[in-house]
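Peer 1: This is the structure I have questions about; it appears just below.
Bear in mind these aren't lab numbers, they're just calculated from the coordinates by the rules spelled out. From a predicted model like this one, the values you see are computed outputs, not experimental measurements. Neighbour counts are summed over all protein chains in view; Cβ atoms, including those assigned to glycine, are modelled from backbone coordinates with ideal geometry.
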Amino acid sequence: MKKIVSTIISLVILSTFCLFGVAESQTTTIKVSNYFPVTAEQSKMCEEFIKSIEASGKGKVKFSYFGGGTLNTAPKMMDGVIQGITDIGLSNLAYTPGRFPISDVLNLPLGFPNAWVATQVANDFVEKFKPKDWDKVHLIALHSCGPKFILTRKKAITRLEDFKGVTLRGYGYEADLIRALGGTPRGISMPDTYDALLKGVVEGATMTLESLKQWRMAEVTKHVTECSEIGKVEVFYLIMNKNKWNSLPADVKQLFNEYPFRNKFAEVWYRIDQEGKDYGEKKGVKFYSIPKDELPKWQSAAQQVVENYVKNTVSAGYKEKDVREWISFIKQRITYWEKKQKESGKN
């Protein structure tokens with residue numbers, strides 16, 4: 001009898017371990033990497049979707065989060081995801097020039113009014129044209145900061161002649177736009193920009209309104225020229241390793257597909273720009289618009305940047321008809337989403 005009882009107990013214990021092992025194997029672990037400082041709102045965006053998907057998954061998925069560039073830096077994020085160093089990565093198109101030849105069109109000065117509109121347009125663009133830029137990864141969503149405005153230390157820039165002899169922090173298409181407007185661009189990393197402005201290494205920078213608060217630019221600049229009429233944004237991406245995505249159970253994939261990444265990011269970027277401007281006003285920063293008689297000149301300068309992009313992209317093997325279709329589509333969607341935003345009362 002004792003032998004039978006002992007056998008039953010052993011079977012129960014073995015079954016328990018087997019069930020525990022099955023439960024453990026059903027939990028999918030996903031590594032997420034983000035280069036923003038852990039205190040930044042962009043990092044909080046990552047933390048929010050992690051908590052939400054884990055809660056919805058009820059044990060089916062667990063994330064390991066690496067913020068502040070601890071696992072992958074911004075320029076290495078794409079390769080890090082492709083190689084499986086991280087499963088999910090967040091970064092910016094501009095950190096790897098030439099890596100996204102089609103999607104780069106979204107970074108041109110095409111008149112983006114704000115981050116909410118720009119994020120909607122960016123996702124519309126990839127859904128319609130399905131750029132090969134993303135073939136090696138699973139693209140979760142694109143999202144965008146607000147337009148880059150002109151922040152200066154000592155004098156406001158409101159006319160083209162004001163750019164003469166002025167050095168402004170800017171890189172990529174920002175640098176091209178600064179040159180077209182008559183200024184001198186200087187490539188400086190975001191973390192180094194505060195000191196560069198403080199020490200007078202540069203007179204100003206092309207940056208978003210959110211930087212007035214998040215990057216403390218309101219402490220080292222006194223003037224902001226808002227120029228959304230030639231609005232140029234920076235587009236960010238959230239991607240997953242393709243093999244990792246393909247290996248996910250259908251119910252875990254559904255958790256990602258149902259999460260409103262696009263709208264969440266659009267709302268956050270839009271909100272932090274508003275908060276940045278409010279903060280700047282409290283700090284005594286003055287805000288300016290482009291005078292009406294100056295606007296055509298600024299728009300003509302921005303068009304030079306667009307035309308150079310068209311020329312270079314065609315030289316790289318793309319058809320001019322296709323490139324101009326991308327640009328036309330973006331402008332149409334800017335108008336569409338700007339109208340939708342006004343109808344919703346968001347601005």
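Peer 1: How big is the charge dipole of segment 226-347 about its Cα centre, in debye rounded to the nearest 20, if each Lys and Arg gets +1 on its Cβ and each Asp and Glu gets -1 on its Cβ?
Peer 2: Values: 23 positive and 18 negative charges, 39 e Å.
Dipole size: approximately 180 debye.
Peer 1: Going by alpha carbons, how many degrees (0 to 90, nearest 10) lie between the helix axis of 295-315 and the longest principal axis of the chain?
Peer 2: That helix lies at roughly 50 degrees to the long axis.
Peer 1: Okay, next question. Using a 10 Å cut-off on Cβ atoms, rank the peptides 158-170, 96-108 from the highest mean neighbour count down.
Peer 2: Highest mean packing first, the order is 96-108, 158-170.
Peer 1: On a 0 to 90° scale, report how tilted helix 115-129 is relative to the longest principal axis of the chain, with both axes built from alpha carbons and the result rounded to the nearest 10.
Peer 2: Value to nearest ten degrees: 70.
Peer 1: Could you please report the charge total around D135, scoring K, R as +1 and D, E as -1 over all other residues with beta-carbon less than 13 angstrom from its beta-carbon?
Peer 2: On the way: positive: R99, K130, K132, K136, K242; negative: D133.
It works out to a net charge of +4.
Peer 1: Separate question: With +1 on each Lys and Arg Cβ and -1 on each Asp and Glu Cβ, how big is the dipole of the chain about its Cα centre, in debye rounded to the nearest 20?
Peer 2: Values: 50 positive and 39 negative charges, 72 e Å.
I would put it at about 340 debye.
Peer 1: Along the charge dipole of the chain, which of T225, I82, S103 sits closest to the positive end, that is, farthest toward it, with unit charges on the beta carbon of Lys, Arg, Asp and Glu (+1, +1, -1, -1)?
Peer 2: Farthest towards the positive pole: I82.
Peer 1: If you take the square roots of the eigenvalues of the alpha-carbon gyration tensor of segment 197-345 and sort them as a ≥ b ≥ c, do you get rounded (a/c under 1.5), prolate (a/b over b/c) or oblate? Kindly include the intermediate steps, with their values, before the conclusion.
Peer 2: Values: a/c = 1.83, a/b = 1.25, b/c = 1.47.
Oblate, because a/c is 1.5 or more while a/b does not exceed b/c.
Peer 1: Oh, and also: Round to the nearest 10 and give me the degree value, 0 to 90, for the angle of helix 41-57's Cα axis relative to the longest principal axis of the chain.
Peer 2: Value to nearest ten degrees: 30.
Peer 1: Run the numbers for A316 and E258: contour at 0.36 nm per residue of separation, minus the present Cα-Cα distance, in nm. Could you put the intermediate results ahead of the total?
Peer 2: Details: separation 58, 0.36 × 58 = 20.88 nm, distance 3.73 nm.
Going from the current span to full extension adds 17.1 nm.
Peer 1: Using helices alone, what [θ] at 222 nm do you get for the chain, with -39,500 (n - 2.57) per DSSP H run of 4 or more residues, divided over all residues and rounded to the nearest 500?
Peer 2: Details: 12 runs with 167 residues, N = 347.
It comes out at -15500 deg cm²/dmol, rounded to the nearest 500.
Peer 1: Please state the relative contact order of segment 13-150 as a whole percent: Cα pairs under 8 Å, 6+ residues apart? Write down the numbers at each step before the final one.
Peer 2: On the way: 154 pairs, mean separation 29.5, N = 138.
In percent, rounded to a whole number, it is 21.
Peer 1: Next question. Using alpha-carbon pairs under 8 Å, 6+ residues apart, how would you state the relative contact order of the chain in percent? Walk me through the numbers on the way to the answer.
Peer 2: On the way: 591 pairs, mean separation 77.8, N = 347.
The normalised contact order for the chain reaches 22 percent.
Peer 1: I would also like to ask the following. Show me the ranking of peptides 269-282, 232-245 by mean Cβ neighbours inside 10 Å, starting with the highest. Before the final figure, lay out the partial values.
Peer 2: Values: 269-282: 19.0, 232-245: 21.8.
Put in order of decreasing packing, that is 232-245, 269-282.
Peer 1: Mind checking which of D133, D192, D176 has the largest fluctuation in a GNM of the chain, springs on alpha carbons under 10 Å?
Peer 2: Taking springs between Cα atoms under 10 Å, the residue moving most is D192.
Peer 1: Additional query: Quick one, which of (1) 1.03; (2) 0.95; (3) 1.09 is the actual Rg/Rh (Cα atoms, Kirkwood Rh) calculated for this model?
Peer 2: (3)
Peer 1: When every alpha-carbon pair in segment 32-137 is counted, what percent end up more than 20 Å apart?
Peer 2: On the way: 2788 of 5565 pairs.
When all Cα pairs of segment 32-137 are counted, 50 percent exceed 20 Å.
Peer 1: Enter the mean projected area of the convex hull around the alpha-carbon atoms of segment 164-214, in nm², rounded to one decimal.
Peer 2: Details: hull surface 13.7 nm².
Mean shadow area of the hull around the Cα atoms is 3.4 nm².
Peer 1: For T208, T28, what's the fewest-to-most ordering of other Cβ within 10 Å of each Cβ?
Peer 2: Numbers: T208 24, T28 19.
Ranked by crowding around the Cβ, least crowded first: T28, T208.
Peer 1: Which one of G84, G111, G231 has the biggest mean-square fluctuation once the chain is modelled by GNM with Cα springs under 10 Å?
Peer 2: Taking springs between Cα atoms under 10 Å, the residue moving most is G84.
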